[in-house]
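This report refers to the structure that appears directly beneath it.
The values are calculated or read from the model by the stated rules, or taken from the named source; none is laboratory data. In this text the structure is predicted, and so the values were computed from the model without any measurement. We place every Cβ from the backbone using ideal geometry, glycine too, and count neighbours over all the protein chains shown.
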Amino acid sequence: MPDSDIATSTQSMTDPPRTEPSDQDAQPGDVQEAPQRNQGGLADIAAARAENPTEGREVVFDLDDVMVSYNGRPAITGVNMQVHNQLVTAFIGPSGCGKTTLLRSMNRMNDLISGAKVEGTIRYHGNDLNASGVDAVEVRRRIGMVFQRPNPFPKSIFDNVAYGMRLHGMKDGLNDRVEKALRQSGLWEEVKDRLKQSALGLSGGQQQRLCIARALAIEPDVVLMDEPASALDPIATQRIEDLVDELKTDYTIVIVTHNMQQAARVADKTAFFSVDIDNTGNRSGILVEFDSTSTLFTNPTDPRTEAYVTGRFG
Ligand SMILES: Nc1ncnc2c1ncn2[C@@H]1O[C@H](COP(=O)(O)OP(=O)(O)O)[C@@H](O)[C@H]1O
Ligand SMILES: [Mg+2]
């Protein structure tokens, strides 16, 4: 894929003010559409986000009837959605509904899983990701991934960040790029005097920010994050959320989270997935609703979304 395909549109929108979750009950009229849906401030947080975040933004991913199956059994079916440039798109939904599976199909990670098959079309900047001749290694360089559990290599902090660059033959300015990536992930000040020490000596939150630095060092266009804070304490989680918010100035981010508050805090758009059971008893993940975070949490169209975001999901 040519370099010109890398998204370059400028940020045209100002973020709405962030509000903190409140334990107090909503005052009548606070959230005019659906005050009854306020639970621990979720609706308030979501309502403060832009209603039309995609306006004027380039489409980075265009998914057309995507189905992923394992050994012939569909894990997720019929997904149609677009992911826009320099926004945070969240995937939410119950365990097993195919969030990780779909995320992995967005950078050809399912190629590495035996029995996995992706059908339908996933276009990335207009190019079919699965077309013959597309180099999966190059795809994964442009579309980086951060996993649920921090997975630093048993190497030094420096070598962890430099790893992908060396792998991809990006030899120029190695030191500068490592520093830049560590600054972007907010880790530089904490590790600049111990770059040669093992990454395994870092805290869990630091390790996850190191993994984010490792992903950023190879200068991706997109960062896919699969529940990046689920193994972290609240303070480390907050740092990851702040980081996601900062990174969208330069990157397109897709984040899976089981934490709806987190989706409401960080995502511009949110996709709600669920599990559908057909009349032959087969279970498969489906995309129920995809909208601006503001609309999805405060005024969803589908009753299944409403049940989930209000905590009435069985
Ligand atoms: N490597 C795999 N091999 C076989 N089945 C898998 C594999 N990974 C996930 N699945 C199945 O696919 C479905 C969706 O899983 P997953 O994408 O992990 O869901 P989520 O991330 O929403 O919890 C589940 O039924 C799960 O058991
Ligand atoms: Mg998952």
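From the list VAL118, VAL79, VAL60, exactly one residue is more than 16 Å from ligand 2 (Cβ to nearest atom), of a type in the set (A, V, I, L, M, F, W, C), in a strand (DSSP E or B) and under 22 Å from ALA267 (Cβ atoms). Which is it?
VAL60
Mind checking which residues of the stretch 224-235 are outside any loop (DSSP other than H, G, I, E, B) and in contact (Cβ under 8 Å) with a residue 40 or more places away in the chain?
If the condition is that a residue be outside any loop (DSSP other than H, G, I, E, B) and in contact (Cβ under 8 Å) with a residue 40 or more places away in the chain, then LEU224, MET225, ASP226 are the ones that fit.
Checking the structure you have, find out if any residue of the stretch 203-212 is surrounded by fewer than 22 Cβ atoms within 10 Å (Cβ to Cβ) and among the aliphatic types (A, V, I, L, M).
no
Which ones in the stretch 185-202 are of a type in the set (Gly, Ala, Ser) and modelled with pLDDT of 95 or more?
The answer is SER198, ALA199, GLY201.
In the stretch 184-201, which residues are assigned to a loop (DSSP other than H, G, I, E, B) and more than 20 Å from ASP250 (Cβ to Cβ)?
Selection gives LYS192, ASP193, ARG194, LEU195, LYS196, GLN197.
Return yes when GLN238 is polar (S, T, N, Q), within 16 Å of ligand 2 (Cβ to nearest atom) and part of a helix (DSSP H, G or I) and no when it is not.
Here the answer is no, as GLN238 does not meet what is asked.
I'd like the full set of residues that are within 16 Å of ligand 2 (Cβ to nearest atom) and within 30 Å of ASP62 (Cβ to Cβ), limited to the stretch 222-235.
The answer is LEU224, MET225, ASP226, GLU227, PRO228, ALA229, SER230.
Could you give me the residue pairs with C-beta distances under 8 Å whose first residue belongs to the stretch 84-98 and is within 17 Å of ASP245 (Cβ to Cβ), whose second residue is assigned to a loop (DSSP other than H, G, I, E, B) and within 16 Å of ligand 2 (Cβ to nearest atom) wherever it lies, and which are 6+ apart or on separate chains?
ALA90/THR257
Please identify the pairs in which a residue from the stretch 50-69 that is crowded, with 17+ Cβ neighbours inside 10 Å has its Cβ atom under 6 Å from the Cβ atom of a residue that is among the aromatic types (Phe, Trp, Tyr), counting only partners at least 6 apart or on another chain.
Note: pairs meeting the criteria are PHE61/TYR124.
Is it fair to say THR8 is at pLDDT below 50 and of a type in the set (S, T, N, Q)?
Values: at pLDDT below 50: yes; of a type in the set (S, T, N, Q): yes.
Yes: the conditions hold for THR8.
Does THR249 count as part of a helix (DSSP H, G or I) and among the polar types (S, T, N, Q)? Give the steps one after another, and end with the answer.
On the way: part of a helix (DSSP H, G or I): no; among the polar types (S, T, N, Q): yes.
Judged against the criteria, THR249 is not a match.
Report, by residue number, each residue of the stretch 227-266 that is touching a Lys or Arg at 6+ places or on another chain (Cβ under 8 Å) and within 16 Å of ligand 1 (Cβ to nearest atom).
ALA231, VAL256
So which of SER294, SER274, SER284 is touching a Lys or Arg at 6+ places or on another chain (Cβ under 6 Å) and either within 16 Å of ligand 1 (Cβ to nearest atom) or not in a helix (DSSP H, G or I) (or both)?
Just a single option satisfies the conditions, and that option is SER274.
Limited to the stretch 102-127, what total is found for residues that are among the small types (Gly, Ala, Ser) and within 12 Å of ligand 1 (Cβ to nearest atom)? Write out each step before concluding.
Let us first name the residues in the stretch 102-127 that are among the small types (Gly, Ala, Ser), namely 105, 114-116, 120, 126.
When the remaining residues are screened for being within 12 Å of ligand 1 (Cβ to nearest atom), the result is 105, 114-116.
Here the count works out to 4.
Mind checking which residues of the stretch 82-101 are over 14 Å from ASP276 (Cβ atoms) and either near ligand 1 (Cβ under 9 Å from one of its atoms) or not in a loop (DSSP other than H, G, I, E, B) (or both)?
Scanning the stretch 82-101 gives GLN82, VAL83, HIS84, VAL88, THR89, ALA90, PHE91, ILE92, SER95, LYS99, THR100, THR101.
Look at the stretch 249-267 and say how many of its residues are surrounded by fewer than 21 Cβ atoms within 10 Å (Cβ to Cβ) and closer than 21 Å to LYS99 by Cβ.
Our first condition is that a residue be surrounded by fewer than 21 Cβ atoms within 10 Å (Cβ to Cβ); within the stretch 249-267, this holds for 249-250, 258-259, 261.
Narrowing further to those that are closer than 21 Å to LYS99 by Cβ: 258-259, 261.
So the answer is 3.
Search the stretch 284-304 for residues being over 20 Å from the mean Cα position of the chain (by Cα) and in contact (Cβ under 8 Å) with a residue 12 or more places away in the chain, and hand back the single one that is surrounded by the fewest Cβ atoms within 10 Å (Cβ to Cβ).
Taking the candidates together, the pick is THR301.
Do you know which residues across the stretch 131-183 are assigned to a helix (DSSP H, G or I) and in contact with a Gly (Cβ under 7 Å, 6 or more places away or on another chain)?
Passing the criteria: none in range.
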